[in-house]
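Q: Below you'll find the structure I mean.
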Amino acid sequence: MGVSATVAGSGGRSAGRRRRQAGGSAGSAEQLLPRWLVRAVAAVLVVVSVVPVLYMIVLSLTPNQAVALGTIDLAKLTWSNYTSMWSAAPLAAGLFHTLVIAGASALLSVAFGLLAAYPLTRFTFRGRGPFMTVLIGVQTVPGTTLVLPLFAVLSWIQTTISTQVIGSYWAIIITYMTFGVPLSTWLLVAYLRTIPRDLEEAALVDGCTRFGALRRIVLPITVPALVVAFVFAFLVGWNDVLFASVFTNASTQTLAIVVQRFANNSAAALPVYGELMSAAVVSSAPVVFLYLAFQRYLVNGLSAGSLTGV
Amino acid sequence: MAMKTDVPAPSEPGASPGGRGGRAGAARRAATYERGSLLTRFVHAQRNRPLWMLVPTGVAITVIVIIPVIITVVLSLLNLDVSTLREWLGAPFTGFKNFVNAFTQPNILGVSLVRSIEISFVFSILTTVVITPIGILAAFSVHRRFRGSGVVRAVYLVPYVIPTFVTALVARIAFANGTGFIDQLLGDLHIANRNFYWLIGPHAFWAMQLTEIWATWPFIYLLVLAGLQAIPKEHYEAAALDGATLPQRLRHIVLPELGGVLKLGMLLSTLFHFGNFTLAFVMFSSPPPPSVEVLPINAYFNAFSSFNFGVASAIAVVTMVILIVPAYIYIRATRISEGG
């Protein structure tokens, strides 16, 4: 039995070694562009990437009026937007709703994903191929195609049972699972496939059930992939505007919606764009830090879904 | 022992279909269970091959993705407005009237479906065409490590990981007429008038286009970088031994290896940008100017502003039909590469 697993395992190890060598002092053989061009490209792209972000940060430290007039004075920066914005818009409530909604849908998505990924990578069975195809296929369904029927179904349920459904936590958590479940299943399939089966098989011989082997052997070594899947599923909820604008109300609206409405309201007579930008910084900082802190794992995950084996 | 648990052993006729585990003693146990009830056999099979674990995901995908897609098709054939939506199961069937209306009548913002299709096409294809070379250059620029390359790699990710609604808000202010960073810069450099009016009229499309390019080139960069890292170092060394020049190395080693990744990346990029709703929705005041009315925006305002759910569903169906070809190619490519 162990042959294929061993081969896969040693293949993984030598790939790792190769990567480490490449990371060290690689020869000029890998040089793909002239050095001056590499430097020029990197310099331009770094500047282009960073300037808008710096602009956002500077504006977030500039009084509303100065932002509206376009008179930014780097000598007059102030933290006041970061204290006043919380009363200008219900940002704290939005943040809380986002954490609840994105967190719950990500947890459920990862749990569903792990359950499905295990049999998909360990057994061959009739229907496995179609299941995988559907898994990839549903990820190509555009959001607008789902928002209409989900709205129709939920408002029908709402009328039928005469209870508020649209605007409840459950409605929006379930809609985010439309993306979270296929995404995390797919990420975990890509990961579990690389885990050698030897350990589980040993546990099975020792009388462990399949489910027991999953819980005791596979789960502990899958933690990094579970974290990656959780983060991606969480970001679905953190970043979404389309579904939240339809399925949330004042008592469940997410940070993205609070900020978006704040922008539209503040475009009126007295623009409060300074506070808007401090809200924007608060909305993006956690995501950016998350990515930079776990860059290695997340980047692998980022390409795992779309790049498996290509 | 010698058999993979996941390969059905053909030499055990009559064993329960799920339970052909080839482990030590399993055959003997299976023989016992075979005489048991159907339920016992099922339980035994599920202990060895817990296919029940597929059920939650299977049900979830069916109920919240597949059935809704079918419902969209049904809705597109019904006469639906704000009064009939709640009872949509009993709404009158109108055939293809919604499709005819979608194609012949502009929505409340004065944009026809054909115009929206055009905008979406130009937007997604232009984005892909521009971000592909940028992404390739970026990947080449950090493929070989140098001092500070870690920081550069991290910085490259920033535009991509900032949430789209934040990018859209920063863009809204950066492109603000006269007072925004872009107008001030262009004015100071004497490239354009300070009053370019980026956020209204026909210029709005280009403001959105530039913003999308800024935010999404790292997608191609990530794919290409991963592709480059997968090329064995020996290939480069062999080429160096043969005295291959830079252009030769690019043409004969890198391009053939990257071909698949690039095709996939461009396909996915077109697919994703076609469905981009958030940028146009957040970057401009509501409702957005006609020149940025991509398909999702058109469907959204038909549904949630004028409550023409039938027409909106028809537009969603048209979107799906347009995306079927790239989606099919994507599914096939992924399924083949993943090995059946």
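Q: Would you mind giving the mean number of other chain beta-carbons within 10 Å of the Cβ of each residue in B:139-150, as a whole number?
A: 5
Q: Further, regarding this structure: Cut-off 10 angstrom, C-alpha nodes, Gaussian network model of chain A. Which of A:V272, A:V58, A:V38 fluctuates the most?
A: Between A:V272, A:V58, A:V38, it is A:V38 that shows the largest mean-square fluctuation.
Q: For a quick protection proxy, order the peptides A:200-210, B:152-162 by their average other-Cβ count within 10 Å, most packed first.
A: Ranking the peptides A:200-210, B:152-162 by packing returns B:152-162, A:200-210.
Q: With the convex hull built on the Cα atoms of the protein assembly as shown, state its orientation-averaged projected area in nm².
A: Dividing the Cα hull surface by four gives the mean projection, 33.1 nm².
Q: Based on DSSP H runs of at least 4 residues, each adding -39500 (n - 2.57), what is the mean residue ellipticity at 222 nm of chain A after dividing by all its residues, to the nearest 500 deg cm²/dmol?
A: It lands at -25000 deg cm²/dmol.
Q: Okay, moving on. In what sequence do B:Y300, A:Y191 fall when counting other Cβ within 10 Å, fewest first?
A: Sorted ascending by nearby Cβ count, the order is A:Y191, B:Y300.
Q: A further question on this structure: Considering the dipole of the protein assembly as shown built from charges on the beta carbon (Lys and Arg +1, Asp and Glu -1) around the Cα centre, which of B:F281, B:G201, A:T163 is farthest to its positive end?
A: Positive-end residue among those listed: A:T163.
Q: With the cut-off at 1.5 for a/c, could you classify segment B:193-340 from its C-alpha gyration tensor as rounded, prolate or oblate?
A: oblate
Q: Would you work out which of B:F140, B:N101, B:S112 lies farthest towards the positive end of the dipole of chain B, given +1 charges on the beta-carbon of Lys and Arg and -1 on that of Asp and Glu, about the Cα centre?
A: Of the listed residues, the answer is B:F140.
Q: Something else now. Order by neighbour count: B:I66, B:I220, fewest other Cβ atoms within 10 Å first, most last.
A: B:I66, B:I220
Q: When the Cα centres of segment A:203-225 and segment B:240-290 are compared, how far apart do they sit, in Å?
A: With segment A:203-225 and segment B:240-290 each reduced to a Cα centre, they are spaced 39 Å.
Q: Please tell me the relative contact order of chain B in percent, rounded to the nearest whole number, where contacts are Cα pairs under 8 Å and at least six residues apart.
A: 23 percent
Q: Per DSSP helix of 4 or more residues, -39500 (n - 2.57); summed, then divided by the residues of chain B. What does that give at 222 nm, rounded to the nearest 500?
A: -20000 deg cm²/dmol
Q: Let me ask another. With angles folded into 0 to 90 degrees, how steeply does helix A:219-239 sit against the dominant principal axis of chain A? Use alpha carbons for both and round to 10.
A: Helix A:219-239 sits roughly 30 degrees off the main axis of chain A.
Q: Quick one: divide the alpha-carbon radius of gyration of chain A by 2.2 N^0.38 Å and tell me what you get.
A: 1.24
Q: Is there a simple number for the mean count of other chain Cβ atoms within 10 Å of the Cβ of residues in A:195-201, and what is it?
A: The shielding value for this peptide is 1.
Q: Enter the mean number of other protein chain beta carbons within 10 Å of the beta carbon of each residue in A:36-49, as an integer.
A: If you average over the peptide's residues, the count of other-chain Cβ atoms is 6.
Q: Arrange A:D73, B:D183, B:D81 by Cβ neighbour counts within 10 Å, fewest through most, would you?
A: The order, fewest Cβ neighbours first, is A:D73, B:D81, B:D183.
Where a number appears in this text, it was derived from the coordinates with a stated rule and is not lab data. Predicted model, so just to flag it, every value in this text is computed and none were measured. Backbone-built Cβ (ideal geometry, glycine too); neighbour counts: all protein chains shown.
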